[in-house]
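A.B. asks: Here you go, one structure.
The values are calculated or read from the model by the stated rules, or taken from the named source; none is laboratory data. As the structure is a prediction and not an experimental result, all values here were calculated from the model. We place every Cβ from the backbone using ideal geometry, glycine too, and count neighbours over all the protein chains shown.
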Amino acid sequence: MENKFKLFLAMTLATIMAISFVACDDDDEVKLANLNVQVDIADSFTGLSAANLYVYITNTSDNGVDSALTDATGLAAFVDLAPGTYNVSAEMELTAEEAGAASGYYEEMTLVGTAINEELLGGFDHEASIELDGKPASSLVIKELYFNGSMVDFIFYKSQFIELFNNSDDVVYADGLYVAMLAPQTNGSGTSDVPTTLDLTETVYAQKIMRVPGTGSDYPIQAGETFLIALNAVDYSNGGASTNVDLSGADMETFATAWMESLGRTGAIDDVDNIDVPNMECVYLNQTYGWYQMDPGSPSVVIFRNESFTINEITDPAADIPAEIYEIYAEINVEDILDGVDIMVNAETGNFKRLPSNIDAGFSYIDGYFTNKSVRRKEERTVSGRKILKDTNNSTNDLEVIDTPTPGGFGN
């Protein structure tokens, strides 16, 4: 009898241990998530359907991409996703005829929409929504932003440049064009970096604004040609383009010291004036000291036109550093913007976006600082020997990271 009791006890304990092991195993199992994405189209476009569109999701931890088609109601369903943070995007390409029927603008355009940093928890269903919006493609686009800088010979950020491109088949004049660097200047790289809490639908906010001088026909940009704006129009190549770039032949440079001093402020020691290269007109700089340097990790740049533009400042309640330095910005109307590019510190800082989706629905980024890498607009096609660059108002798709900057061209 005693032996039977011991056998019974042993079997009972074994059963309990097995159940406990399975239970623990179940608890440790990674639970997957589901995501439903509702795609709608902005009210400014009529008669369009969001059915049969590809929706893309990108896992910000490993940049893995998945896609799904929307159904007749514009809903795209993703199942069994790994928990994590995802960026969501979709786009719709319209011919000139389709765009005209939907909006009255008879020009090819791409409607884009995004949802940034969607947090998916395992074992739960999640909902996200994106609105597709857009505007006619601009003749002038930002071809390349070289902001990251170089460690070679301690150049750092001094060889930065902004290069524009005439993406049309007609001559375009740069005269009167504004170039602005938006707030916040940096994002996600430090504890004091915070995304702006200001509305970004009709207005964006600049920390630095400059303007191309001229009377209207002084600075032509031929079809398929570029317009190079250098921070310093200096030859930094030291005899070899592999080290850095020669900017001595830039179309414009940004010299702010004289203007800063005229306002009782102080320019930057690295601000160099090449007397053989015209200077951009200084318009706005919300600092007591400095110049038109871009942040080497996360600038946001727009080009815009407005013949009656005036400075209207606004205070950002999100900023937590001294008001006299960074938290006062100049307003820019979104409708005046011809093109814009958002750059983030990394894939996980999309909540710092400074541009609405109809200007730039996505963003680009470079891993690290002073790597000599650059971001450049992709070539879409060639027509009669003229390059046409990709312009869907989505930097995630339109821009690529290149190993060395290519001012004045596209490299080999």
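A.B. asks: If I go through the stretch 115-131 residue by residue, how many of them are in contact with a helix residue (DSSP H, G or I) (Cβ under 6 Å, 6 or more places away or on another chain) and modelled with pLDDT of 95 or more?
C.D. replies: Looking only at that region, the number is 0.
A.B. asks: Could you tell me whether the stretch 375-384 includes any residue that is of a type in the set (Ser, Thr, Tyr) and modelled with pLDDT under 90?
C.D. replies: Yes, that holds for at least one residue.
A.B. asks: In the stretch 96-106, what count of residues is obtained for those that are of a type outside the set (Gly, Ala, Ser) and closer than 21 Å to residue 53 by Cα?
C.D. replies: Going through the stretch 96-106 one residue at a time, the tally reaches 2.
A.B. asks: Can you list the strands (runs of 3 or more DSSP E) found entirely within the stretch 106-176 that contain at least 3 residues being acidic (Asp, Glu)?
C.D. replies: 125-132
A.B. asks: Can you tell me which residues in the stretch 108-143 are over 23 Å from residue 339 (Cβ atoms) and among the hydroxyl-bearing types (Ser, Thr, Tyr)?
C.D. replies: 129
A.B. asks: Any chance you could count how many residues in the stretch 96-105 are assigned to a loop (DSSP other than H, G, I, E, B) and charged (D, E, K, R)?
C.D. replies: 0
A.B. asks: Kindly list, by first and then second residue, each pair from a residue in the stretch 187-211 that is over 30 Å from residue 227 (Cα atoms) to a residue that is β-branched (Val, Ile, Thr) and part of a loop (DSSP other than H, G, I, E, B), limited to pairs with Cβ atoms under 7 Å and residues at least 6 apart or on different chains.
C.D. replies: 188/345; 188/349; 189/345; 192/321; 193/186
A.B. asks: Buried (at least 16 other Cβ atoms within 10 Å of the Cβ) and touching a residue at least 60 places away in the same chain (Cβ under 8 Å) - does that describe any residue in the stretch 94-106?
C.D. replies: There is no residue in the stretch 94-106 that is buried (at least 16 other Cβ atoms within 10 Å of the Cβ) and touching a residue at least 60 places away in the same chain (Cβ under 8 Å).
A.B. asks: Being more than 17 Å from residue 301 (Cα to Cα) and part of a loop (DSSP other than H, G, I, E, B) is the filter here; which residues of the stretch 394-404 pass it?
C.D. replies: Scanning the stretch 394-404 gives 403, 404.
A.B. asks: Is there a residue in the stretch 140-156 that is under 23 Å from residue 302 (Cβ atoms), outside the structural domain of residue 378 (by TED's automatic domain parsing) and of a type in the set (Ser, Thr, Tyr)?
C.D. replies: no
A.B. asks: Of the residues that sit in the stretch 58-76 and are assigned to a loop (DSSP other than H, G, I, E, B) and among the β-branched types (Val, Ile, Thr), which one is nearest to residue 35 (Cα to Cα)?
C.D. replies: Top of the filtered list is 70.
A.B. asks: Under 8 Å by Cβ, and 6 or more places apart or on different chains, what pairs join a residue from the stretch 136-152 that is within 16 Å of residue 173 (Cα to Cα) and touching a residue at least 60 places away in the same chain (Cβ under 8 Å) with one that is in a loop (DSSP other than H, G, I, E, B) and among the charged types (D, E, K, R)?
C.D. replies: 138/391; 139/170; 141/391
A.B. asks: Output the residues belonging to the stretch 297-314 that are buried (at least 20 other Cβ atoms within 10 Å of the Cβ) and more than 19 Å from residue 164 (Cα to Cα).
C.D. replies: Across the stretch 297-314, the qualifying residue is only 297.
A.B. asks: Ok, one more. Test residue 105 against the criterion of being within 19 Å of residue 339 (Cβ to Cβ) and outside the structural domain of residue 221 (by TED's automatic domain parsing), and give yes or no.
C.D. replies: It is true that residue 105 is within 19 Å of residue 339 (Cβ to Cβ) and outside the structural domain of residue 221 (by TED's automatic domain parsing).
A.B. asks: Among residues belonging to the stretch 132-158 that are modelled with pLDDT of 95 or more and of a type outside the set (Lys, Arg), point out the one that is farthest from residue 380 (Cα to Cα).
C.D. replies: Filtering the stretch 132-158 for residues that are modelled with pLDDT of 95 or more and of a type outside the set (Lys, Arg), the one farthest from residue 380 (Cα to Cα) comes out as 147.
A.B. asks: Looking at this structure, is residue 218 over 25 Å from residue 356 (Cα atoms), surrounded by fewer than 18 Cβ atoms within 10 Å (Cβ to Cβ) and in contact with a Ser or Thr (Cβ under 7 Å, 6 or more places away or on another chain)?
C.D. replies: no
A.B. asks: Identify all residues within the stretch 187-217 that are among the acidic types (Asp, Glu) and out of contact with any Pro (no Cβ under 9 Å at 6 or more places or on another chain); write none if there are none.
C.D. replies: 199
A.B. asks: What's the total number of residues in the stretch 32-57 that are closer than 28 Å to residue 124 by Cβ, of a type in the set (Val, Ile, Thr) and assigned to a loop (DSSP other than H, G, I, E, B)?
C.D. replies: Residues that pass the stated criteria total 0.
A.B. asks: Suppose we filter the stretch 41-65 for residues that are under 21 Å from the mean Cα position of the chain (by Cα) and among the acidic types (Asp, Glu); how many remain?
C.D. replies: 1
A.B. asks: Moving on to the next point. Residue 311 - would you say it is more than 27 Å from residue 191 (Cβ to Cβ), under 18 Å from the mean Cα position of the chain (by Cα) and either at pLDDT 95 or above or of a type in the set (A, V, I, L, M, F, W, C) (or both)?
C.D. replies: Taking the combined requirement at face value, the residue does not satisfy it.
A.B. asks: Hey, another quick one. Quick one: in the stretch 100-111, which of the residues that are modelled with pLDDT under 90 and of a type outside the set (Gly, Ala, Ser) is nearest to the chain's Cα centre (by Cα)?
C.D. replies: Step by step, filter the stretch 100-111, then rank; the result is 110.
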